[in-house]
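Take a look at the structure set out below.
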Amino acid sequence: MAPNVYLGLDSSTQGLAAVLIRVDAGRAEVLWQHDLEFDRACPEFGTIHGVLASTDRHVKVSNPRMWVQALDQMLTTLGQSGVDLSSLRAISGSAQQHGSVYLDDRSELSRPVAPIWMDSSTSEECAEITQALGGSAVLAQRTGSRAFERFTGPQIRKFSKLEPAAYGNTSRIHLVSSYLASQLIDGDAPLEPGDASGMNLMDLKTRDWWPAAVAATAPGLASRLPRIVPSHSVIGTLAPRWQARLSCPPARVIAWTGDNSSSVIGTGLVEEGRVAVSLGTSDTIFSLMHEPRVDTGGAGYVFGAPTGDYMGITVFKNGSLARERVRDAYGLDWDGFSVALRSTPPGNHGRLMFPWFEPEITPHVPGAGVRRVDLDPGDMPGNVRAVVEGQMMALANYSQWMGVHAQVIHATGGAAINRDILQVMADVFDAEVAQFEVGNAACLGAALRAWHGDALAAGTPVSWADVTRDLATPTSVGRITPGREAARVYAQLRRRYAEASVQFLRGTHDDD
Ligand code: XUL
C-alpha cells in the first residue's frame, strides 16, 4: 500500500501549529512541522498573546478573523514548502476550548469578537444556569462539569442578555474548533463530544444536547447550535480552493476537537491509568476514564474523549504566562530560569508562591493577585522556584479526585522541553516524567485522529494502540526520575500549600 499523508492543525490561544505525518505500512513518522504566533503573524489584529486588550481583566476576547487568516497563512506556507501532498488523505484539527464564534445567516460574524477560555466575566450567568437546573451537583452529573465562567453556555447567556439584537441576528454559534473546520470544508461543520462537553450544554451520557440546559441558557438556542457527531466522523472534504493551494486531492476532513481531548491521543492516553500534564498557556492534568467519574469537589470535570471514552481534567489559567511573568520580572531567559531552579533546593526553604497573576480557575480565585508566604519579591531564585513548585503542587493537589496514581507522567506543552521544570514535577508527584519526540500533543493528536478517522472511513480501521505507537509513546530515554528525599519534602509541603491556599481563599491569610 502506498504511504498516506495526514495533516493535523492546532489553533491555540497564542498561535497556530501544523504537523504533517506519513504513514507507511502502519508506521508513522513526522514529515513537516510549522508554528506561527498570532501576535507576530497577524499584527494588524493587535492581540497580545493572542488576546485583545480589554479594560475589564475578567473579559478575554479574540478575533475570529485572525484565526482564519492564520489558517490561510499556514496552508500557504505548507503549499509552498515543497512537500509532496499528492497522497494527503485526511486533515483534522484541535483548538482552544470553550471559545465561541457567532455567525449570521450569511455566515458573516454577528459578533466581531469571540470570548475565549480565559474569560471569567460570567459569574452571574453561571449562578442563573446552576439555579435553573437544580444546582451544581445536577449540572456536573449531567454535563460532566459544574458551571464554569469560561464555558460556552454561560458565555452565550451573557451575550444574549447584553446584546439581544446581535444575539437575535445570530443563526449559528460555533466553537473555535468547528468554526475552523467549517473553513476547511467551506460549509457548516458539526461539533463532536470532546469539545461540546466544554459548554455546560451537552448530556455526557447521550452525547447530544441536554434540552433543559439549552432552554436554561438562552432563548431560541437549540436552532443556533451545530449538530454533535461522533469524534471520528468525516465531516466533508477539503474545499477546492484549499486543494488548489496545496496541490492535493480532496482529502477527508475529520471532525475537529478541543486541544485537551486531542492531547489525549497525542500523549498516548489510550488506556486508563495513564496521566498527562500539559504545560502550555493553560496548565492541565488529564487522564482517560472508561466511565465518567465526576469531581464532587468541583475543581475538575469530565469531557468526552476522542476514543469514545471520557477524560478527567483539571485546568489552571496561570500556566506559561505566569512562568514568563516571573522570568521577565528578573530579566532572565529560560537558561537563567533553569540556573535559578538548580541553585535552589526542593522545598525552597518553605518559601511559597500562589501565582494568581490572572483570576484563577483552580482554585476559583476571582480577584487576581500573587500571594507569597515567607518569600521576598526581590529574591530572584526563590521566586523562580516558588512559581514552579506552586504550579506543580497545585496540579498534584487538585488532581487527587481522578484517583489515578501513575508511575509515569506524560509531559507535553511548550515548557515540557525544560528538564529542570520537569524535575520539580517528578519530585512533587513522586513519579517518573517522560517527554515526547513531538512536543505539541494537541497538534500531533489531530494528525493521528485524521489517520484513525480516514482508516475507519476507508473500511480498514486501525486501533488506537497502533495509531499512537510510533509518535505518541513517550520516549524511554532520558526519563526524569524523582529524588527520594525531594519527594519526601514535597509530601509535607503539599499539605502546607493546600492549607495556605484555603486560608488565602477565605481571606484569613495575610499577604507577606
Ligand atoms: C480547558 C481550558 C484550556 C483551553 C486552552 O478547559 O480551558 O485548557 O482549552 O486552550
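Nothing in this text is a laboratory measurement; each read-out follows from the coordinates by a stated rule. All values reported here derive from a predicted model rather than from experimental measurement. Positions of Cβ are generated from backbone atoms using ideal geometry, with glycine treated the same way; all protein chains shown enter the neighbour counts.
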Filtering the range 459-471 down to residues that are touching a residue at least 12 places away in the same chain (Cβ under 8 Å), outside any helix (DSSP H, G or I) and closer than 19 Å to GLU192 by Cβ yields VAL462
Apart from one, (1) surrounded by fewer than 22 Cβ atoms within 10 Å (Cβ to Cβ); (2) free of Cβ contacts under 8 Å to residues at least 40 places away in the same chain; (3) within 16 Å of the ligand (Cβ to nearest atom) all hold for VAL51; the odd one out is (2)
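If I ask for residues that are aromatic (Phe, Trp, Tyr) and either more than 20 Å from the chain's Cα centre (by Cα) or surrounded by fewer than 24 Cβ atoms within 10 Å (Cβ to Cβ) (or both), which ones from the range 166-186 would you list?
TYR167
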Of the residues in the range 257-270, those that are touching a helix residue (DSSP H, G or I) at 6+ places or on another chain (Cβ under 6 Å), within 13 Å of the ligand (Cβ to nearest atom) and not hydroxyl-bearing (Ser, Thr, Tyr) number 2
Per the filter on the range 459-512, residues of a type in the set (Val, Ile, Thr), in contact with a Phe, Trp or Tyr (Cβ under 9 Å, 6 or more places away or on another chain) and exposed (fewer than 11 other Cβ atoms within 10 Å of the Cβ) are THR475
| Residue check: is VAL302 among the aliphatic types (A, V, I, L, M), within 16 Å of the ligand (Cβ to nearest atom) and in contact with a Pro (Cβ under 6 Å, 6 or more places away or on another chain)? | yes
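Residue-by-condition table, conditions (1) of a type in the set (D, E, K, R); (2) within 16 Å of the ligand (Cβ to nearest atom); (3) without any contact (Cβ under 8 Å) to a residue 24 or more places away in the chain:
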position	(1), (2), (3)
LEU341	no, no, no
THR344	no, no, no
PRO363	no, yes, no
VAL370	no, no, yes
GLN391	no, yes, no
ASN397	no, no, no
Taking the range 198-211 and keeping residues more than 21 Å from the chain's Cα centre (by Cα) and hydrophobic (A, V, I, L, M, F, W, C) leaves TRP209, TRP210
Item to complete: State yes or no: is TRP209 aromatic (Phe, Trp, Tyr) and either free of Cβ contacts under 8 Å to residues at least 40 places away in the same chain or touching a Gly at 6+ places or on another chain (Cβ under 7 Å) (or both)?
Response: yes
Given the conditions (1) surrounded by fewer than 21 Cβ atoms within 10 Å (Cβ to Cβ); (2) within 16 Å of the ligand (Cβ to nearest atom); (3) not basic (Lys, Arg), every one holds for HIS349 apart from (2)
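Conditions tested, residue by residue: (1) more than 19 Å from SER136 (Cβ to Cβ); (2) part of a loop (DSSP other than H, G, I, E, B); (3) within 22 Å of the chain's Cα centre (by Cα).
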| residue | (1), (2), (3) |
| --- | --- |
| ASP188 | yes, yes, no |
| GLY194 | yes, no, yes |
| ALA213 | no, no, no |
| ALA216 | no, no, no |
| GLY220 | yes, yes, no |
| HIS232 | yes, yes, yes |
Filtering the range 455-493 for residues that are closer than 30 Å to GLY350 by Cα and among the aromatic types (Phe, Trp, Tyr) leaves a count of 1
Over the range 105-124, the set of residues of a type in the set (Val, Ile, Thr) and within 16 Å of the ligand (Cβ to nearest atom) is ILE116, THR122
Take ASN318 and decide whether it is buried (at least 18 other Cβ atoms within 10 Å of the Cβ) and in contact with a strand residue (DSSP E or B) (Cβ under 8 Å, 6 or more places away or on another chain).
yes
